[in-house]
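One structure below.
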Amino acid sequence: MATPTRTATKPEKEGPEIVWNESGRRFETEDKEAYIQYVLREDGKVMDLVHTYVPSSKRGLGMASHLCVAAFNHAKSHSISVIPTCSYVSDTFLPRNPSWNSLVYSEELKSNI
């Protein structure tokens, strides 16, 4: 079994270490309990954020936001657009963090991909 590619990212503000688990297609806490899952589309040029999970023991600590920041930073550094399918991303994270809206995929971008 191949070892997954893992890249750790620290959010700008002090917070938990978030790890990119490429083979698992998710960004997760080191203990793997909290994560944001994605699906790559358009030959890897679009990352669809499909599900965010934070266990009750970690809720209320901004964990979901840290996961989103890691995913959006990854998308930005790899010139990938983001589809915010997950309701947390679309209804909570993006309205609170509009600076990330420039990465959100739209049909207009599709012609440039």
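The values are calculated or read from the model by the stated rules, or taken from the named source; none is laboratory data. Worth saying up front: this structure is predicted, and the values here are computed from it rather than measured. Neighbour counts run over all protein chains shown; Cβ positions are idealised from the backbone, glycine included. For the accessible areas, the whole protein counts, side chains as well, though only heavy atoms, and no ligand, DNA or RNA atoms are used. Shrake-Rupley method; radii C 1.70, N 1.55, O 1.52, S 1.80 Å.
List the strands (runs of 3 or more DSSP E) inside region 17-56, counting only whole elements, that have at least 1 residues being closer than 18 Å to Ser90 by Cβ and over 11 Å from the mean Cα position of the chain (by Cα).
35-41, 46-53
Mind checking which residues of region 48-86 are of a type in the set (Gly, Ala, Ser) and open to solvent by 30 Å² or more (accessible area, probe 1.4 Å)?
Once the filter is applied, which keeps residues that are of a type in the set (Gly, Ala, Ser) and open to solvent by 30 Å² or more (accessible area, probe 1.4 Å), region 48-86 yields Ser56, Ser57, Gly60, Gly62, Ser65, Ser77, Ser79.
Criterion first (modelled with pLDDT of 95 or more and either in a loop (DSSP other than H, G, I, E, B) or surrounded by 14 or more Cβ atoms within 10 Å (Cβ to Cβ) (or both)) does Ala2 satisfy it?
No: the conditions fail for Ala2.
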